[in-house]
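Scroll down for the structure; my scribbles are underneath it.
The values are calculated or read from the model by the stated rules, or taken from the named source; none is laboratory data. Being a predicted model, the structure only gives us computed values, none of them experimental. Here Cβ is always computed from backbone atoms with ideal geometry, including for glycine, and neighbour counts include all displayed protein chains. Ligands, DNA and RNA are excluded from the accessible area calculation, which covers all protein heavy atoms including side chains. Shrake-Rupley method; radii C 1.70, N 1.55, O 1.52, S 1.80 Å.
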Amino acid sequence: MHHHGRAQAGARPNDPFRRRLRPPPRQPSRKQLHCHVVKFGFSSDIYIQNTLMNMYAARGCLTSACQNVTPNEIALVNVLTACARARDLETGKRLFGEMPERNLFCWNIMIKGHVEDSDYKEALRLEIIVRDRCRFHHFRDGCCSCKDFCGVGPNSHTFPFLLKGFTRDDAVAYGDELHAHVLKFGLSSNAHVRSALLRMYAVSGAVDTARELFEKSPERDVVSWNAMISGYNRSNMFEESCGLFTAMAGESVMPTATTYVLVLSACAKMKGLECGRQIHGRLMNGNLLPDLRLENALIEMYGQCGDLDSAWRLFQDMQTRDVISWTAVVVGFAKSGEIDRARALFDRMPERDRISWTAMIDGYVRAGRFKEALHVFREMQAAAVWPDEFTMVSLLTACAQLGALEIGEWARAYMERNGIKMDIAVGNALIDMYSKCGQVDNAVEIFRRMHRKDKFTWTAMISGLAVNGHGEDAIDLFSQMVETSVRPDEVTYIGVLTACGHAGLVDEGRKIFSSMIAVHGIMPNVTHYGCLVDLLGRAGRLEEALETINNMPMKPNSAVWGALLGACRVHGNLEMAELAAKHLVELQPHDSAAYLLLCSLYANRNKLEEAHKMREMIMVKGIKKEPGCSLVEMNGEVHEFVAGDRSHPRTGEIYTKLEEMIKELKRAGYVPDTSEILHGAGEEEAANAAIYQHSEKLAVAFGLISSRYGVAIRVVKNVRICIDCHNAMKFASKIYRREIVVRDRRRFHHFRSGSCSCKDYW
DNA sequence: ATAGGGTTAG
């Protein structure tokens, strides 16, 4: 993953730091003024010339400014400063190159310019050159022997410039060396330099080193307290943030607005509503309100803590609102499950920036409304607002859930093309997207290319391998993870245990299960027990599975009994199946899945009377099945089908193809199996008609008419695939020579030339 | 007439 230059960044309509550019001053007479100056012969006066040039420079007319300058040190410094302000590094570099004399001031400005342009390598080189130019002048105690020329070498301005905007990677790579330079030049007692160093360590995740620096500081001003609190926020150590806030008072350091913003942000993250309310009270008592930044932070805090009434009241009472205030309430509603209200507010926003758009997309993702998330992304593009890595994470999450591989791949290419940073979160989202689209090889490729991995990276990859049927690889990866001393969490363990189940590695699974507590101190939850039951049941060790359920420290849930029932069905243990089904029905009386599985088992064992009775009972009780729904992505569009769907624009063609497909499948030996479908005696015909219209069959028929020969068809289902569709897919993959990938609620089915990767166990 | 440290989404 290479990083492109951020040359486009400056041209983005939304400034990354939301700095509002001041409205341009009226400039009707600039040219006239210039002519006037030339006409009256003032142009030789250096003071007037500089003023003129400043005028151009201040208005961002750098080219004019440069053209009208007779090189003179002060003038050049002024234009260079203007270049930095206008973020025009190119002009700055040219000017710098033409300078006869370059004082430390200029070097510092150039460092600033490069850092702002994300060119840290060049910025560091410049800092070293400062050192190099002075190497012969014997720095001691931060002073250079040559006082006439280079003054004091790298000074207290140099390091803040250089350290500002350091990314985590830069901080890790250069941090210690820079710290050594600071010490060498005797700048470590400077408050600005110390705060900048502190921030750098916090950014690199070395919050303990930052704290050490903080503790050792001879005097700690409010900015260093703020930097420290910000560091704890960054490391998700919110209690420590609040602790520092309290400790400030003990040392009589007055908090600033920034302090309050930081602490309120910590309250928001740790859902500390009480703490947040106290700060709100303090702000009111201290007459610190109204203040836009503080009000925004309060809205954010109340929104995140779920106190929407307070957030909304604050928002309504505000005298002036900016885009951040609007975004904060939109996020508040979205996170409280009121996504439609969030959308209504979003539509009323007077101005939307990248963060508001991303918040809306993310809101839809959280609400599970993934197609709408994609739609908002398209609207964002139509509004010419540039996405960033945060937007892309949300987009990729939506793609993952929808199985929208084409859009996901487009997103990846888009990021490369537009130089959007591929950070850990983006990498993790890509791994997840590829895994959930059944493209585990691509997921592995991303995983290999990530030079930094966190526990989410490992977990995503392990689960991805597991669910796609690469159990052994997943287990290998888990060992590697433990070796690299990344601590697994409970989600990681679900991934590994699933892997053991799919690979049929019972003993390995048992061992891993016990290592959970013994090695990592993680108490298994009900889902882990479900994995263990599944693992044992799959291997045919039904008694052990039941024993596990009976010895569980918590009440088994439907997934646990479901796993046992599934195992009983495959291994034909009717007695235990009845037991499992009884429990399952108790837990989910309105879901037909358990009844239907039991029906299918009765039918297989030729207990037709029981099967019939069971069906009658379902009918009488009016038990409904969760409606099945299938998604299939074609040409960047996600198409949705429910059973018997006729809403698709190409519905006529789809049903013609479906009919033809069923005929061809039958010719190849496919026999419909209605055992998992609800029907009364003598209603075989109707049942057949119903299974022919299952959503995944419609999705595949649509896939066949809308894509070229040989293209894989990927379907995402919300519920478990039924036995008949599973069978039909096997035949279809063979006679149409297509790879068909169906992701159901629990796992992947990769159908290739007549067989399925799940080996008929699911 | 010229620079500096702390501020919000995954």
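Just a few scattered comments:
- Taking every residue in the stretch A:76-105 that is closer than 16 Å to A:Asp119 by Cα and pairing it with any residue that is assigned to a loop (DSSP other than H, G, I, E, B) and near DNA strand B (Cβ under 8 Å from one of its atoms), at least 6 positions away or on another chain, yields no pair with a Cβ-Cβ distance below 7 Å.
- Count of the stretch A:197-226 residues which are closer than 23 Å to A:Asp423 by Cα and within 10 Å of DNA strand B (Cβ to nearest atom): 6
- Residues that are within 11 Å of DNA strand B (Cβ to nearest atom), of a type in the set (A, V, I, L, M) and either within 26 Å of A:Met422 (Cα to Cα) or not in a helix (DSSP H, G or I) (or both) are absent from the stretch A:292-308.
- With a requirement of 2 or more residues that are outside the structural domain of A:Val393 (by TED's automatic domain parsing), polar (S, T, N, Q) and open to solvent by less than 20 Å² (accessible area, probe 1.4 Å), the helices (runs of 4 or more DSSP H) lying completely within the stretch A:426-530 that satisfy it span A:455-467.
- For A:Ser600, the requirement of being open to solvent by less than 50 Å² (accessible area, probe 1.4 Å) and within 30 Å of the chain's Cα centre (by Cα) is not met.
- Qualifying residues in the stretch A:340-375 (those that are away from DNA strand B (no atom under 14 Å from the Cβ), aliphatic (A, V, I, L, M) and in a helix (DSSP H, G or I)) - the one nearest to A:Gln316 (Cα to Cα): A:Leu345
- Output for the stretch A:613-642, where each listed residue is within 23 Å of A:Val742 (Cβ to Cβ) and either open to solvent by less than 60 Å² (accessible area, probe 1.4 Å) or of a type in the set (Ser, Thr, Tyr) (or both): A:Gly628, A:Cys629, A:Ser630, A:Leu631, A:Val632, A:Glu633, A:Met634, A:Gly636, A:Val638, A:His639, A:Phe641
- For the stretch A:315-338, the condition of being assigned to a helix (DSSP H, G or I), near DNA strand B (Cβ under 9 Å from one of its atoms), buried (at least 21 other Cβ atoms within 10 Å of the Cβ) and not polar (S, T, N, Q) holds for at least one residue.
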